Amino acid sequence: MSEPTPGDLLNNLVDTHWETAARHAWRQYQERGRGAIVFPTASSENGDRQPLRYLTFNDEEEAADSSFSKLYELVESYDPEQQVVIAVVLPDERTVFDLYEQTPAPPEA
């Protein structure tokens, strides 16, 4: 059996933790504005649970021109009442992210 792709790892996290991620995203959006939910490193060596983080962009011009420009585009264009931008930091320190829309919607999660 082949290794899961980074996208597969992210999709699995989202499928497993959608309600928690959507609830956290909605609360953070209401407090801090647009942003992305960031899961901690995909596989924690000691198995400890780590809190979700919420990434916002303070310098829009720099964000648009940085290596996270695609993430910034998603954050600027998603519908916070229906969608969540979710990222995960992989064990090799790469970051993978995407836009998700599942039920329940963030305000109902």
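The values are calculated or read from the model by the stated rules, or taken from the named source; none is laboratory data. Note that the structure is predicted; figures quoted are calculated from it, not measured. Cβ atoms come from the backbone with ideal geometry, glycine included; neighbour counts cover every protein chain shown. SASA here: full protein model, heavy atoms, side chains in, ligands and nucleic acids out. Shrake-Rupley method; radii C 1.70, N 1.55, O 1.52, S 1.80 Å.
Output yes when any residue across the stretch 81-102 is charged (D, E, K, R), within 13 Å of L10 (Cβ to Cβ) and surrounded by 15 or more Cβ atoms within 10 Å (Cβ to Cβ), and no when none is. Let's see the steps before the verdict.
From the stretch 81-102, those charged (D, E, K, R) are 81, 92-94, 98, 101; that's our starting set.
Checking which are within 13 Å of L10 (Cβ to Cβ) leaves us with 94, 98.
Subsequent filtering for residues that are surrounded by 15 or more Cβ atoms within 10 Å (Cβ to Cβ) retains 98.
Taking every residue of the stretch 81-102 in turn, at least one turns out to be charged (D, E, K, R), within 13 Å of L10 (Cβ to Cβ) and surrounded by 15 or more Cβ atoms within 10 Å (Cβ to Cβ).
Can you work out which of the residues in the stretch 1-17 that are closer than 16 Å to Y54 by Cβ and open to solvent by less than 70 Å² (accessible area, probe 1.4 Å) is modelled with the lowest pLDDT? Give the derivation first.
As a first pass, look at the stretch 1-17 and keep what is closer than 16 Å to Y54 by Cβ: 13-14, 17.
Add one more test, that the residue is open to solvent by less than 70 Å² (accessible area, probe 1.4 Å), and what stays is 13-14.
Values: L13: 92, V14: 96.
So, considering only residues that are closer than 16 Å to Y54 by Cβ and open to solvent by less than 70 Å² (accessible area, probe 1.4 Å), the one modelled with the lowest pLDDT is L13.
Enumerate the pairs (first residue in the stretch 23-39 and within 11 Å of A87 (Cα to Cα) and open to solvent by less than 80 Å² (accessible area, probe 1.4 Å); second residue anywhere and assigned to a helix (DSSP H, G or I) and among the β-branched types (V, I, T)) with beta-carbon separation below 8 Å, excluding pairs fewer than 6 apart on the same chain, so at least 6 apart or on different chains.
Once the first residue is within 11 Å of A87 (Cα to Cα) and open to solvent by less than 80 Å² (accessible area, probe 1.4 Å) and sits in the stretch 23-39, its partners that are assigned to a helix (DSSP H, G or I) and among the β-branched types (V, I, T) give G35/V75; A36/V75.
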